[in-house]
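To start, the structure under review is shown below, and the notes come after it.
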Ligand SMILES: C[S@@+](CC[C@H](N)C(=O)[O-])C[C@H]1O[C@@H](n2cnc3c(N)ncnc32)[C@H](O)[C@@H]1O
């Protein structure tokens, strides 16, 4: 109930009174990871940083004061995070105590995560079977599926990042998400060409084909998290960015009201479909508002 009262308040504050206040925060808690995915530049860092419980607590309070009410714990691999007796569930409990409405984690699901208390769990699945493994490592798909099945969590979805290596697996991954009893939804994103991973960016023509395909699945009733309005914007990336709706706190503690990609000049090649979703929310597209509410349910 509190969330449903807060959302219109936030919308009026930002859209009508023009205050750039975040609704969600993405906190990178460590860049330690147990995989070396081809499309990711996080693992390639020379040193590994893991934030302390106290630092993350301060960052949660800061984000809450800024207006954020939803938090995503990111990494590295967030399920590996520890600080003495504290683990990821300690951070989730603290976020709730501070007043966040919901907590999310994004995981590669290599380690078991049964008993995780996040409200929603996003599992990164970048293709079906061998296609996922060619990006993330041999045997990783099987382990992820085993851990999804053993976790018993009621709100798990898949995040697929489409790139030059896996675009041909979009259909089977969407079918897989639809048919798997433990998976609620699938979110489609595209590779963003951070330094060293430029070669994995999908050709723009293929990206358009994939977007049309995903829209067709969505219209057929498949459990696609993206909205049609948001996906259409991702066809050209020429739209006003409202990425400050999320604030980002990087692993070195840098607080940014914008995604790191914008400082690197990547907005025109950005693949994070949240950018299109945020524009569509701000322009009051009903399908995106419904998708957003279902995401934060
Ligand atoms: C950096 S990972 C960290 C969380 C966790 N280790 C995992 O693999 O899900 C978070 C998400 O970012 C995605 N990602 C990594 N590199 C990307 C890129 N260059 N473009 C778009 N998404 C990317 C991953 O596929 C994953 O879904």
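Nothing in this text is a laboratory measurement; each read-out follows from the coordinates by a stated rule. Predicted model, so just to flag it, every value in this text is computed and none were measured. Backbone-built Cβ (ideal geometry, glycine too); neighbour counts: all protein chains shown.
Running a GNM on the chain with Cα contacts under 10 Å, which residue among 145, 249, 12 ends up with the highest mean-square fluctuation?
In this elastic network of the chain, the residue with the biggest mean-square fluctuation among 145, 249, 12 is 12.
Which whole-number percent is the relative contact order of the chain (Cα, under 8 Å, 6+ apart)?
On the way: 536 pairs, mean separation 51.4, N = 297.
For the chain, the relative contact order is 17 percent.
Please find, in a Gaussian network model of the chain (springs between Cα atoms separated by less than 10 Å), the residue of 144, 109, 263 whose mean-square fluctuation is greatest.
263
Over the stretch 1-143, consider all pairs of different Cα atoms and compute the Kirkwood hydrodynamic radius from their mean reciprocal separation; express it in Å, one decimal. Spell out each step's value before the answer.
Numbers: mean 1/r = 0.0605 Å⁻¹.
About 16.5 Å for the stretch 1-143.
So for 218, 46, 240, fewest C-beta neighbours within 10 Å to most, what's the order? Don't skip to the end; give the middle numbers.
Values: 218 20, 46 4, 240 10.
The most exposed by this proxy come first: 46, 240, 218.
Stretched out fully, how many nm does the piece from residue 283 to residue 252 gain, at 0.36 nm a residue minus the Cα gap? Mind showing how you got there, number by number?
On the way: separation 31, 0.36 × 31 = 11.16 nm, distance 3.38 nm.
Computed gain between residue 283 and residue 252 is 7.8 nm.
Shape verdict for the stretch 14-91, please, from the Cα gyration tensor: rounded (a/c under 1.5), prolate (a/b greater than b/c) or oblate. Let's see the in-between values first.
Working: a/c = 2.82, a/b = 1.57, b/c = 1.80.
Judged from the Cα gyration tensor, the stretch 14-91 comes out oblate (a/c at least 1.5, b/c at or above a/b).
Put one equal scatterer on each alpha carbon of the stretch 151-224, apply the Debye formula with no solvent term, and list log10 I(q)/I(0) at q = 0.17, 0.18 1/Å to two decimals.
Debye intensities relative to I(0), on a log10 scale: -0.66, -0.73.
Once label points are set 7 Å from the Cα along Cα→Cβ at both residue 16 and residue 178, what is their separation, rounded to one decimal in nm?
Here the answer is 4.1 nm between the modelled labels.
I want to check the label-to-label distance for residue 150 and residue 235. Put each point 7 Å from Cα in the C-beta direction and report it in nm to one decimal.
4.4
Over the chain, with a Gaussian network built from C-alpha contacts below 10 Å, which listed residue (239, 28, 141) shows the highest mean-square fluctuation?
Most flexible of the set in this elastic network: 239.
Averaging sequence separations of C-alpha pairs under 8 Å and six or more residues apart, then dividing by the length of the stretch 36-103, give the relative contact order as a whole percent.
Working: 43 pairs, mean separation 25.7, N = 68.
Contact order relative to length: 38 percent.
Would you kindly calculate the translational diffusion coefficient of the chain, applying Stokes-Einstein with the Kirkwood radius from alpha carbon pairs, for 10 °C and a viscosity of 1.306 mPa s, and quote it in µm² s⁻¹ without decimals?
Numbers: Rh = 19.4 Å.
Rounded to a whole number, D works out at 82 µm²/s.
Could you please rank 252, 31, placing first whichever residue has the fewest other Cβ atoms within 10 Å of its Cβ? Mind showing how you got there, number by number?
On the way: 252 10, 31 21.
Exposure proxy ranking, most exposed first: 252, 31.
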